[in-house]
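Only one structure is covered here, and it is reproduced in the block below.
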Amino acid sequence: MVGLATLALRLHDPHAAGSWGLCPLRALTGLDCPACGGLRAVNDLTHLRVADAFHSNALFVVLGPLLVTAWAWWLWQRTRGRTVRGPRGAHARTLWWSLAAVALAFTVFRNTPWGHRFWA
């Protein structure tokens, strides 16, 4: 399923305004959410344009390899018949709060005049 979605993003360019729909936050407030530009970044990465992908959504480009690695590890464990458990307790809370803080900081920065120079 992920492969088909990636192929669709490679074949149908999300750089054209409205080609894949609208971000509800941007449509209502004019602000970019942390995911805005993620589809463009995937399209850019499938064309091996890393700098353009970073320009589209730096957070996705930085966190993408971590997410892909975690997903590959999970798939590997499941194919071997092992039950996979994520972080529990304080570790899980720390992880989620850290990710939320990074996403919030990225969102605030990209909606400032300084950040807007990078992500127009």
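Derivation of every value follows stated rules applied to the coordinates shown; laboratory data play no part. Computed from a predicted structure; not experimentally measured. Cβ sites come from the backbone with ideal geometry, for glycine too, and all protein chains shown count toward neighbours.
The chymotrypsin sites (Phe, Trp or Tyr not before Pro) of segment 37-120 that meet both conditions, a loop assignment by DSSP and at most 16 other Cβ atoms within 10 Å of the site Cβ, are PHE118. Only helical runs count toward this figure. For the chain, summing -39,500 (n - 2.57) over DSSP H runs of n ≥ 4 and dividing by all residues gives -20500 deg cm²/dmol at 222 nm. Placing +1 on the Cβ of every Lys and Arg and -1 on the Cβ of every Asp and Glu, with nothing else charged, gives the chain a dipole about its Cα centre of roughly 560 debye.
In loop segments of segment 26-120 as defined by DSSP, the trypsin sites (Lys or Arg not before Pro) with at most 13 further C-beta atoms inside 10 Å of their C-beta are ARG80, ARG82, ARG85, ARG88, ARG117.
Long hydrophobic helices in the chain, taken as whole DSSP H segments with a C-alpha length of 20 Å or more on their own axis and mean Kyte-Doolittle hydropathy at least -0.5: 58-79, 89-110.
Taken over the chain, the alpha-carbon convex hull comes to 127 cubic angstrom per residue. Across segment 2-83, the mean sequence separation of Cα contacts (distance under 8 Å, 6 or more residues apart), normalised by length, yields a relative contact order of 23 percent. Estimated at 0.36 nm per residue, the fully extended path between TRP114 and GLN77 surpasses their Cα-Cα distance by 9.0 nm.
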